[in-house]
Every structure is written in C-alpha cells, then in structure tokens.
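Below is one structure, written out as structure tokens; comments come after it.
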Amino acid sequence: MSAEKIVGTGRGNRFLRVVLYAVLILFALYYLLPLYVMVVNSVKPLDEIRQGDMLSLPQIFTLEPWAKAWSSAQIGVQPTGLRPYFFNSILMVVPAVAISTILGALNGYVLTKWRFRGDDVVFGLILLSCFIPFQIALIPAARILGMLGLAGTTTGLVLIHVVYGLGFTTLFFRNYYAAFPTELVRAAQIDGARFFQIFRRILLPSSAPIIVVTVIWQFTNIWNDFLFGVSFGDFDSLPMTVALNNLVSSSGGVKEYNVHFAGAILAALPTLIVYIVSGRYFVRGLMAGAVKG
Amino acid sequence: MSRNRLQDLIPRLVLSPSLALILIFVYAFILYTLYLSMTDSRMLPSYGFVGFENYEKLWNLRHWWRALGNLAIFGSLYIVICSVLGLFLAILLDQKIRGEGFLRPIYLYPMALSFIVTGTAWKWFLDPGIGLESTMHQWGWTGFEFAWIKDRNLAIYTVVIAAVWQSSGFVMAMFLAGLRGVDGEIIKAAQMDGASNVTIYRRIIIPMMRPVFLSAFVVLAHLAIKSYDLVVALTGGGPGQATELPATFMYSYTFTRNQMGIGASSAIIMLVMIFSIIIPYLYSELRPGRQR
C-alpha cells in the first residue's frame with residue numbers, strides 16, 4: 001500500500017515523522033543489543049567483564065577468547081574447543097540439505113504435474129509432518145537408529161534431518177511448481193519426453209529461486225537444531241549447538257564469559273552469513289512456508 | 001511390463017521413498033509412542049500393558065502442572081507480544097521509511113540464530129552478577145535491580161523476553177507482506193469519505209490482516225509448544241522447576257529420570273495440543289476450492 005496516503009506530508013506531520021524514526025531506531029537498537037554484547041565481550045579479557053560493564057567497548061582488545069573457544073576450550077570432558085563439532089555440523093548439514101532438497105523437488109514435481117488419485121491425502125500426510133513435536137519421535141527414532149547401527153553417527157543424524165525436513169521441502173516445491181504452466185509439461189509429453197527429461201529440461205532450469213529458498217531454510221533449521229543432536233549424537237557427530245551448550249553450561253570451574261560469547265558467535269556465524277548474503281530469499285522462503293500454508 | 005506402463009508408475013515410484021519414510025518416522029512413530037505411553041516402560045521400552053496408568057500419574061504430578069502452567073504463561077505472552085510488536089513495527093515500516101532496506105534486516109536477523117545462541121546471549125546479559133544489573137550499577141544507578149532470571153516466580157518471563165527477541169522480526173515480516181498486499185483503492189475511498197488515518201487502520205486495514213494473524217498464531221503456537229532449546233540454554237529449566245516446559249519435562253522424564261512411560265504420555269499430550277491447532281488450520285487452508 002502506498003503509505004503517503006496514510007501519513008501525510010504536511011508541516012504538522014514533521015514531528016510525527018521524527019517520532020516515527022526515533023521509535024524505529026530504538027527497536028533497531030533493541031534487536032542489535034544482544035549481538036553487540038556478544039561481539040564486544042568476546043574480545044575483552046575476563047577481568048574486564050567481571051568488573052561489571054557489559055556495554056562498554058573493550059579497553060584491552062584480545063582475540064584470545066576466540067582462539068580458546070575454537071581450539072582449546074573444555075567441551076564436556078575434552079579440551080578440544082568447538083572446532084571438531086563445527087566440522088561435525090558441516091558434515092551433517094551438507095548431505096542432509098542436499099538430499100532433502102532433491103527429494104522435495106521431485107515430490108513437488110509429482111504432486112503438481114503427475115497428479116494421481118489420492119495425491120491430496122499424500123500431500124496432507126507429508127505436510128502435517130512439519131508440525132509434529134519431535135518429542136513424539138525421540139524414543140522410536142533412538143530404537144530405529146540403534147537397529148540400523150546408526151546410533152551416534154553423522155549418517156544417523158543426516159537421515160533424521162532428511163526425514164523431518166521433507167515436509168517443508170515438499171511444501172516449498174509444490175507451491176512453486178503449482179504456478180508453473182502445466183501445458184508446457186503436457187506439450188513435452190506429446191513430443192515424447194519422459195518423466196526425468198521433463199523435470200531436468202523444463203522445470204529445473206526455472207527452479208533457481210525456490211532452490212535457494214529451500215536450501216537456506218533447510219541449512220538454517222538443520223544447523224540450528226539442538227534436540228536431535230543432543231539425543232542422537234556422540235563425540236564424532238555432536239553438532240555445534242550441543243557443543244556450545246556444553247561449553248556454556250558446564251558447571252565446574254571459572255565461567256569464561258568471553259569464551260562463551262566467542263563460541264556463540266562461531267556457532268551463529270554460518271547461518272548469519274547465509275542470512276546476510278541472501279536474506280531477502282530467506283524471508284521469502286519463510287513467507288512461502290508460513291503464509292501460504 | 002511395457003515401457004508405457006513403467007512410465008506411468010515412475011511418478012509414484014519417485015514419491016514412494018519419501019512417503020514411506022514419513023509413514024514410518026512420523027505416523028508409525030506416533031503409534032509406537034502412543035503404545036509406549038500405555039506400558040510400564042522405565043529406562044528402556046518394555047511392553048507390559050498398563051492402560052492409562054501413566055496418564056493418571058502424569059496428571060497427578062505437580063511437576064507436569066508446573067510445565068503446563070509455564071507453557072500457558074510463556075505461550076500466551078509469546079504469541080501476543082510477538083503479534084502486537086510485529087504488527088506495530090510492520091505498520092511503522094510501511095510509512096515510506098527511508099532506510100527501510102537497512103532497518104528490516106536488523107529486525108529480522110535474530111531468527112537466523114539458533115535458540116542455543118539466543119539463550120547464551122540473554123543468559124549472561126540478564127545475569128545480575130555480570131549483565132544488565134551490574135552494568136547499571138557501574139553507571140551509577142546503584143538501586144537498579146533486575147534479577148528475574150534468578151527468581152522462581154519471574155524466571156519464566158525471561159524466556160519470554162529472549163523468545164520474543166528471536167521471533168518478533170519474523171512476525172513483522174509476515175505482517176509487512178500482508179500490508180503490502182492491501183488494495184490502495186479501498187484506502188482512497190475511505191479517505192474520500194473523510195476517515196482519519198487511525199480509523200482507516202483500526203476499521204479497515206487491521207481487520208484485513210485476519211489471515212496473517214491466523215498464520216502467525218499457528219506458527220507461534222506450535223513453536224511455543226515445541227520450545228525446548230531456548231529453555232535449556234537460558235535457564236536449564238530452573239531455578240528449581242521455574243521454567244520447565246512440557247518439552248523439557250518429556251526429555252527429563254524419558255532420558256534422565258527413567259520414567260519412559262510417563263515421558264511418552266507427555267509427548268502424546270503435546271502432540272494432541274499441537275494437532276488441535278494445526279489440523280483445523282490446514283483443513284481450512286487446503287480444502288478444495290481454496291487450492292491454487
């Protein structure tokens with residue numbers, strides 16, 4: 001809606017505009033505050049934090065907390081820093097995102113261009129899986145992973161993330177392909193093109209926007225997952241979120257707030273970078289999932 | 001089988017692995033957990049059938065009631081504050097703001113962060129020993145007190161603070177998209193009739209946001225019921241059981257207190273709560289005639 005129609009441009013409104021900007025900037029500060037606190041305190045020596053002012057800039061600048069968080073802080077029983085867990089997360093996220101996105105694309109393609117009797121029911125069942133509380137799956141999933149010999153492995157976590165991501169990826173591609181002209185698909189069929197040919201030559205080339213959306217969505221969700229990681233991971237597969245929580249909530253010894261903040265930023269960095277680089281798509285993806293249903 | 005018959009089957013063959021995975025990992029798992037909730041499982045699943053005994057025990061536990069009470073406080077405040085704040089910010093941002101492209105990502109970035117990171121940041125910022133309170137003392141305001149996170153009666157509100165910070169920007173984006181979809185002609189007509197700006201928002205625009213309110217409610221409600229990581233990172237459920245939620249209750253009964261039957265029954269209650277919100281919503285969204 002064009003807003004000038006709502007807030008006029010007269011002189012009496014100049015005051016209102018100032019208030020408006022002040023409020024908007026105030027909220028921007030509120031949203032930035034925790035990030036600011038994390039960054040500023042991650043480069044201070046511990047004494048400076050303890051002396052009590054979390055909002056001031058560092059008097060002594062040090063990258064020691066970052067080095068410690070990355071490579072030598074105590075995580076659980078081992079002084080490994082967050083590094084091994086960072087790579088656990090990468091090894092888990094990349095295949096999980098790739099597989100769930102490919103399956104989602106194919107599902108969306110079938111559900112919109114190769115409709116069959118009962119496809120609505122199938123879609124409903126897949127869609128509903130987006131919303132289940134994962135607590136319902138924890139006990140049986142632990143059993144199944146055990147039976148498959150995947151307990152505590154990255155492969156097991158990949159499987160879990162693929163399954164519980166399918167609902168969203170299918171939803172995204174289905175909504176996107178629903179708007180794609182079906183006549184093009186029918187014409188190609190008449191010309192003798194087959195299922196995968198049509199997908200590869202006709203739908204895939206125009207799918208870039210929805211692929212970006214889906215990859216960002218899946219990447220963020222899987223990277224940020226804690227519940228599955230803590231339930232099904234062990235040293236060789238624990239993801240970054242679990243390691244960070246172990247670092248921060250370890251009860252023994254001195255609380256190294258600066259190391260905690262540095263670790264938190266390290267854990268946030270990948271999704272933050274993805275968001276900064278392609279935030280517009282990120283939002284669009286959320287809208288596609290949330291508003292369109 | 002002829003090639004054509006095979007071609008006809010391919011779409012369903014392509015769909016079937018996903019469907020099979022979901023049937024097993026979602027629906028069979030639900031049935032399995034439902035069954036476990038009626039057994040005498042403790043540390044490991046066991047199959048002695050006990051009927052509704054676990055549910056009776058569950059509803060007699062003060063711990064569970066505490067978790068539900070907390071969910072009621074947390075969920076309602078989280079939903080209401082996120083919606084009001086989201087709508088408020090969206091309306092402000094929709095006033096031809098210079099620098100909107102700069103402000104919007106600032107409001108939105110928290111949702112890219114995990115609840116563990118969010119919890120860590122707020123945990124220390126709200127900690128009276130080193131965070132806001134001590135900073136205010138340092139600045140000379142020595143009477144300033146803010147120790148909610150250590151207070152049994154107030155700690156749950158710190159979970160609200162952190163969760164609202166994380167999610168309200170997303171709700172803002174939903175409302176902004178809604179506002180951008182409003183037909184300018186309607187506004188013009190109302191202005192011709194002499195309606196004031198406040199009236200136009202109150203009587204015309206905000207009522208038109210009904211579907212967005214509904215979507216936001218559904219998204220936020222199911223996030224609230226599922227909330228787990230934020231509480232773990234922020235307060236660990238404490239002090240005492242002050243910030244325990246159904247999700248943390250389920251985890252501790254199942255995996256640390258060796259009461260798997262009760263844990264399973266609490267998971268079933270969570271599922272019922274979520275489905276009673278989601279299924280009517282999906283039904284109304286997907287019913288034939290509304291489909292694109």
- Message: Going by what's in this entry, would residue A:38 be described as in the same structural domain as residue A:224 (by TED's automatic domain parsing) and not charged (D, E, K, R)?
- Response: no
- Query: Has the stretch B:39-48 got any residue that is assigned to a loop (DSSP other than H, G, I, E, B), open to solvent by 70 Å² or more (accessible area, probe 1.4 Å), at pLDDT below 90 and in contact with a Ser or Thr (Cβ under 7 Å, 6 or more places away or on another chain)?
  - Reply: yes
- Please enumerate the residues belonging to the stretch B:251-272 that are more than 8 Å from chain A (Cβ to nearest Cβ) and not aromatic (Phe, Trp, Tyr). B:252, B:256, B:257, B:258, B:259, B:261, B:262, B:265, B:269, B:272
- For the stretch A:76-84, does any single residue satisfy the condition of being within 25 Å of the chain's Cα centre (by Cα), crowded, with 18+ Cβ neighbours inside 10 Å and at pLDDT below 95? yes
- A careful count of residues in the stretch B:131-176 that are among the charged types (D, E, K, R) and within 13 Å of chain A (Cβ to nearest Cβ) gives 1
- Wholly within the stretch A:207-249, which helices (runs of 4 or more DSSP H) include no fewer than the required count, namely at least 1 residues that are open to solvent by 20 Å² or more (accessible area, probe 1.4 Å) and of a type in the set (Val, Ile, Thr)? A:208-224, A:227-232
- Residue match in the stretch B:15-29 (condition: under 20 Å from residue A:193 (Cβ atoms) and either at pLDDT 95 or above or open to solvent by less than 50 Å² (accessible area, probe 1.4 Å) (or both)): yes
- Query: When residue B:198 is evaluated against the numbered criteria (1) more than 22 Å from the chain's Cα centre (by Cα); (2) touching a residue at least 40 places away in the same chain (Cβ under 8 Å), which criterion, by number, is the only one it fails?
  - Reply: (2)
- Query: Checking residue A:174 against (1) open to solvent by 10 Å² or more (accessible area, probe 1.4 Å); (2) under 16 Å from residue A:115 (Cβ atoms); (3) more than 29 Å from the chain's Cα centre (by Cα), which single condition isn't satisfied?
  - Reply: (3)
- Item | Leading residue by the ranking (surrounded by the fewest Cβ atoms within 10 Å (Cβ to Cβ)) among those in the stretch A:40-67 that are part of a loop (DSSP other than H, G, I, E, B) and of a type in the set (S, T, N, Q) | A:59
- Item | Residue, nearest to residue B:220 (Cα to Cα), within the stretch B:273-282, restricted to residues that are facing chain A (nearest Cβ under 9 Å) and open to solvent by 40 Å² or more (accessible area, probe 1.4 Å) | B:277
- Any residue in the stretch B:214-237 that's under 11 Å from residue A:131 (Cα atoms): show its pairings with residues that are of a type outside the set (A, V, I, L, M) at Cβ separation under 6 Å, as long as the two are six or more apart or on different chains. B:218/B:281; B:222/A:131; B:226/A:133
- Note on the structure: When restricted to A:241, A:169, A:155, the only residue out of contact with any Leu (no Cβ under 8 Å at 6 or more places or on another chain), at pLDDT 90 or above and within 12 Å of another protein chain (Cβ to nearest Cβ) is A:241
- Output the residue which, of all residues in the stretch A:113-123 that are touching a Phe, Trp or Tyr at 6+ places or on another chain (Cβ under 9 Å) and within 7 Å of another protein chain (Cβ to nearest Cβ), is nearest to residue B:265 (Cα to Cα). A:122
- Query: Name the residues in the stretch A:102-142 that are of a type in the set (Gly, Ala, Ser) and more than 20 Å from residue B:284 (Cβ to Cβ), would you?
  - Reply: A:104, A:105, A:108, A:118, A:137, A:141, A:142
- Message: Would you confirm whether or not the stretch A:126-134 contains a residue that is open to solvent by 20 Å² or more (accessible area, probe 1.4 Å), under 18 Å from the mean Cα position of the chain (by Cα) and within 24 Å of residue B:279 (Cα to Cα)?
- Response: yes
- Message: Given the criterion open to solvent by less than 10 Å² (accessible area, probe 1.4 Å), under 25 Å from the mean Cα position of the chain (by Cα) and facing chain B (nearest Cβ under 8 Å), identify the matching residue among A:110, A:37, A:93.
- Response: A:37
- Filter pass, residue A:139 being open to solvent by less than 10 Å² (accessible area, probe 1.4 Å), free of Cβ contacts under 8 Å to residues at least 24 places away in the same chain and facing chain B (nearest Cβ under 8 Å): yes
- Task: Report yes if some residue within the stretch A:153-171 is free of Cβ contacts under 8 Å to residues at least 24 places away in the same chain and farther than 30 Å from residue A:202 by Cα; otherwise report no.
- Result: yes
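The values are calculated or read from the model by the stated rules, or taken from the named source; none is laboratory data. Since this is a predicted model, take the numbers as computed values, not measurements. Glycine also receives a Cβ, built like all others from the backbone with ideal geometry; neighbour counts cover every protein chain displayed. When the accessible area is computed, the model is the full protein with side chains, heavy atoms only, and any ligands, DNA or RNA have been set aside. Shrake-Rupley method; radii C 1.70, N 1.55, O 1.52, S 1.80 Å.
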